[in-house]
1. Per Stokes-Einstein, at 4 °C and 1.567 mPa s, what whole-number D in µm² s⁻¹ belongs to the chain, with the Kirkwood radius over Cα pairs as the hydrodynamic radius?
2. Over the alpha carbons of the range 29-158, what is the largest minus smallest coordinate on each principal axis, giving the biggest first in Å?
3. Under 8 Å for C-alpha pairs, at least 6 residues apart: give me the relative contact order for the chain, rounded to a whole percent.
4. Based on the mean of other Cβ atoms within 10 Å per residue, sort peptides 118-129, 180-191 so the most packed one is first.
5. Show me 154-160, 208-214 ranked by packing, highest mean number of other Cβ atoms within 10 Å first.
6. Under 5 Å between amide hydrogens, which residues at least 5 positions from ALA195 or on another chain qualify, with H placed 1.01 Å from N in the peptide plane?
Amino acid sequence: MHHSSRAFSAFCCAVVSLLAACEFSDTSVDEKPIDRVYIVDQSGKRWDITQAVVRYGFERSGFKFGLGPFTLTPLMSPPAAAPGDSAYPADTDAFSVIGVSRHGAHRAYKLDDLLDVEVVDDTLGGVPLAVVHRPLSNMPSVCSRVLDLDTLTLSASGWVYGSESVLFDYETESMWYRLGGGDALTCIAGAHFEAVLPAVVSAVSPWSTWRAAHPATTFMLRP
């Protein structure tokens, strides 16, 4: 009897040790470990898109271009002109802007000034926000940069899926994508997986229209 007990205890210890030594994927289907899925961009950086593939049905072949995460650098807290400043546009200028209002503050961003950066990381009315302009889809939008107590720095990853730019954050290199047609950004892979950066209400219009509706608006200047 004692011999059987010692044998059973030894067997249990061996099983526990074996389990401790095994490394299981943190993303699985039906609780079975799966192979990781990676894409490599032109800079040589490897991106783990396993979560995007398993959870959201992204296809590895659907990620295009892969220019590299620092090919496009976002504008960070760019200067802004106020009415009366020499750099302030004329009321009759006809270019298009995306305008945002937060806590009584208003700001307009010229769309043509965003094409070569894709993202502006700004703060308006004390609220950190990201103004995003996707060249291929031509669908500008604005979202919050605040996640829990952290403020993220968003930028273009260099990848495009469909006609949508895939963004990433500097802090964790998590990948962010606009799902379901809304303007919110969802983390499709990385440390913030499944987190959502909510959309911020914005309007795309001619500058003259936005200016007339918001006489005190500021205007983003390219550094």
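The numbers here are math on the coordinates, done by the rules we state, and not lab data. Computed from a predicted model, the values in this text were never measured in an experiment. Every residue, glycine as well, gets a Cβ built from its backbone with ideal geometry; the counts of neighbours run over all protein chains shown.
1. Working: Rh = 19.9 Å.
Result for D is 65 µm²/s.
2. 63, 31, 22
3. Answer for the chain is 21 percent.
4. Averaged packing, sorted descending, gives the order 118-129, 180-191.
5. Put in order of decreasing packing, that is 154-160, 208-214.
6. CYS187
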